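Q: Next up is a structure, given as structure tokens.
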Amino acid sequence: MSFELSEEHREFRRSVRDFAEAEIAPHAAEWDRKHYFPVETVQKMGRLGLFGLTAPEQYGGSGGDFTSLCVAIEEISRVDQSMGITLEAAVGLGINPILTYGTDEQKQQWLPDLVAGRKLAGFGLTEPESGSDAGATKTRAVLDGDEWVIDGSKQFITNSGSSITSVVTVTARTGEKPDGRPEISTIIVPAGTPGFVAEAQYDKLGWHASDTHPLSFAGCRVPKENLLGERGKGFGQFLATLDDGRVAIGAVALGCLKACLEMSVQYAGERKTFGVPIGQKQGVAFQISDLKVMADAAELLVYRAAALKDAGASVQEFRQAASVAKLYATESAVTATRIATQVFGGYGFMEEYPVTRFYRDAKILEIGEGTSEVQRMLIARGLGLPVE
Ligand SMILES: Cc1cc2nc3c(=O)[nH]c(=O)nc-3n(C[C@H](O)[C@H](O)[C@H](O)COP(=O)(O)OP(=O)(O)OC[C@H]3O[C@@H](n4cnc5c(N)ncnc54)[C@H](O)[C@@H]3O)c2cc1C
């Protein structure tokens with residue numbers, strides 16, 4: 001049993017870290033302050049190959065494993081969660097559904113630009129009245145001749161309205177099943193399609209440099225060939241998409257945890273009170289010890305889940321491991337940012353240090369791609385409990 005990443009993964013980690021330190025870290029505070037989505041840096045990440053890590057070579061990817069993607073997301077998130085989530089959503093929610101369920105034509109049309117990071121795709125599942133209860137989708141798509149006509153709305157959709165967004169995939173009701181439950185399908189909607197509007201950006205607590213919009217669809221027509229995968233299979237598709245996404249969000253949380261640990265160790269060695277560094281006080285040092293324990297435990301859980309994915313584990317085994325990793329890593333990240341800001345004292349409340357941005361950015365980790373409560377529900381179900 002090995003608990004170490006391979007030498008290849010470690011070497012890859014070093015190259016992503018160099019990039020993140022040089023190209024992202026120096027600008028992250030300014031992007032955050034200005035709520036600026038740095039398209040040029042996103043495209044540099046693309047040129048580094050980060051969007052194509054898990055895509056086959058025929059679409060411009062490197063055909064690598066899921067573990068490599070988690071390493072990249074972790075390293076980017078260690079300096080900036082906004083860019084970490086941009087990468088996570090671009091691959092996990094943007095590229096993956098098309099790669100997994102698309103026809104050859106759909107893949108040829110959309111993937112080369114997405115894999116190269118020249119363009120971005122969003123994945124629209126959440127609606128004003130359907131988040132955790134994702135099956136309650138109200139958006140409708142009706143087949144009219146050779147076209148789907150889409151009406152409805154989506155909310156909180158990442159990478160859906162940037163200047164380089166080329167496409168969003170959305171779930172919609174396309175009918176009713178014989179047992180009366182809604183038939184949900186997934187449809188590809190190119191940016192710029194009449195009737196599809198990415199509304200103004202949200203004013204968020206954190207992730208200020210990430211692109212998030214509400215989407216509206218009014219009589220939006222796309223060719224019937226834009227159905228992604230089989231009609232009526234949309235529910236299963238997004239469940240599988242979210243399993244991967246949860247591990248990847250765990251990797252964002254892990255980057256945040258490690259950053260909190262590093263920042264706290266450094267500050268506790270420098271800041272003096274009562275004539276000695278605060279790290280000499282058990283009250284501070286023991287809190288930082290807890291950060292180390294959380295970071296190590298989260299690392300094991302995230303990379304265990306990634307290794308299961310790479311080894312082709314069963315859906316049940318992977319789903320359980322993904323939820324466990326997401327739940328632990330994200331809740332620990334929120335706790336860690338609270339501890340780290342406490343270690344920084346008053347400076348922890350000032351935008352002068354990155355720790356403040358990490359504090360604001362972390363909260364959403366417990367909410368996006370399935371809240372902590374939803375993860376606990378899935379874990380309990382995996383244990384065979386009849387939880388609702
Ligand atoms: C910045 C950001 C980016 C996002 N990006 C995307 C994206 O790209 N694509 C996308 O589709 N969505 C995206 N989301 C949406 C996100 O996944 C949802 O917000 C999340 O799943 C929760 O749904 P909700 O907001 O409707 O909360 P609700 O479902 O209304 O939940 C409210 C509260 O009730 C709890 N709750 C609900 N049901 C239960 C239950 N059965 N048992 C116990 N507790 C329960 C929840 O845990 C939560 O605490 C994003 C959200 C944000 C904020």
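The values are calculated or read from the model by the stated rules, or taken from the named source; none is laboratory data. All values reported here derive from a predicted model rather than from experimental measurement. Neighbour counts run over all protein chains shown; Cβ positions are idealised from the backbone, glycine included.
Q: Specify the residue that is nearest to ALA136 (Cα to Cα); the eligible residues are those in segment 214-245 that are of a type in the set (Asp, Glu) and touching a helix residue (DSSP H, G or I) at 6+ places or on another chain (Cβ under 6 Å).
A: ASP243
Q: Test PRO112 against the criterion of being within 16 Å of the ligand (Cβ to nearest atom), part of a helix (DSSP H, G or I), outside the structural domain of HIS213 (by TED's automatic domain parsing) and not hydrophobic (A, V, I, L, M, F, W, C), and give yes or no.
A: No; evaluated as a whole, the condition is false for this residue.
Q: Could you check segment 7-32 and list, in sequence order, the residues that are in contact (Cβ under 8 Å) with a residue 24 or more places away in the chain, among the acidic types (Asp, Glu) and surrounded by fewer than 18 Cβ atoms within 10 Å (Cβ to Cβ)?
A: Result: GLU21, single match.
Q: For residues in segment 154-177 being small (Gly, Ala, Ser), in a strand (DSSP E or B) and under 23 Å from GLY236 (Cβ atoms), which is farthest from the ligand (Cβ to nearest atom)?
A: Among them, the one singled out is GLY175.
Q: Only one of GLY269, GLY245, GLY250, GLY206 is touching a residue at least 24 places away in the same chain (Cβ under 8 Å) and in contact with a Gly (Cβ under 8 Å, 6 or more places away or on another chain). Can you tell me which?
A: Being touching a residue at least 24 places away in the same chain (Cβ under 8 Å) and in contact with a Gly (Cβ under 8 Å, 6 or more places away or on another chain) holds for just one of GLY269, GLY245, GLY250, GLY206, which is GLY245.
Q: Hey, could you check segment 1-58 for residues that are touching a Gly at 6+ places or on another chain (Cβ under 6 Å) and not in a loop (DSSP other than H, G, I, E, B) and say which is farthest from ALA298 (Cα to Cα)?
A: Here the answer is GLU57.
Q: Looking only at residues that are over 18 Å from THR67 (Cα atoms) and of a type in the set (A, V, I, L, M, F, W, C) in segment 80-105, which one is surrounded by the most Cβ atoms within 10 Å (Cβ to Cβ)?
A: Only one residue tops the list, namely MET83.
Q: Mind checking which residues of segment 215-226 are surrounded by 15 or more Cβ atoms within 10 Å (Cβ to Cβ), closer than 15 Å to GLY124 by Cβ and out of contact with any Lys or Arg (no Cβ under 9 Å at 6 or more places or on another chain)?
A: Matches in segment 215-226: CYS220, VAL222, ASN226.
Q: Out of the residues in segment 221-272 meeting the condition of being assigned to a helix (DSSP H, G or I) and among the charged types (D, E, K, R), tell me which one is farthest from the chain's Cα centre (by Cα).
A: GLU270
Q: Specify the residue that is farthest from the ligand (Cβ to nearest atom); the eligible residues are those in segment 185-214 that are farther than 27 Å from GLN109 by Cα and crowded, with 24+ Cβ neighbours inside 10 Å.
A: The selected residue is ALA209.
Q: Within segment 273-388, which helices (runs of 4 or more DSSP H) (wholly inside it) include 1 or more residues that are surrounded by fewer than 23 Cβ atoms within 10 Å (Cβ to Cβ) and within 16 Å of the ligand (Cβ to nearest atom)?
A: 315-343, 354-362, 372-382
Q: Just for segment 132-153: of the residues that are within 17 Å of THR371 (Cβ to Cβ) and in contact (Cβ under 8 Å) with a residue 60 or more places away in the chain, which one is nearest to the ligand (Cβ to nearest atom)?
A: SER132
Q: Could you say which residue among TYR359, TYR303 is closer than 19 Å to LEU205 by Cβ and among the hydroxyl-bearing types (Ser, Thr, Tyr)?
A: Going through TYR359, TYR303 in turn, the sole match is TYR359.
Q: List the residue pairs whose Cβ atoms are under 7 Å apart, where the first residue sits in segment 356-376 and is in the same structural domain as CYS256 (by TED's automatic domain parsing) and touching a residue at least 24 places away in the same chain (Cβ under 8 Å), the second is within 7 Å of the ligand (Cβ to nearest atom) and part of a helix (DSSP H, G or I), and the two are 6 or more positions apart or on different chains.
A: From residues that are in the same structural domain as CYS256 (by TED's automatic domain parsing) and touching a residue at least 24 places away in the same chain (Cβ under 8 Å), the pairs are GLU366/SER372.
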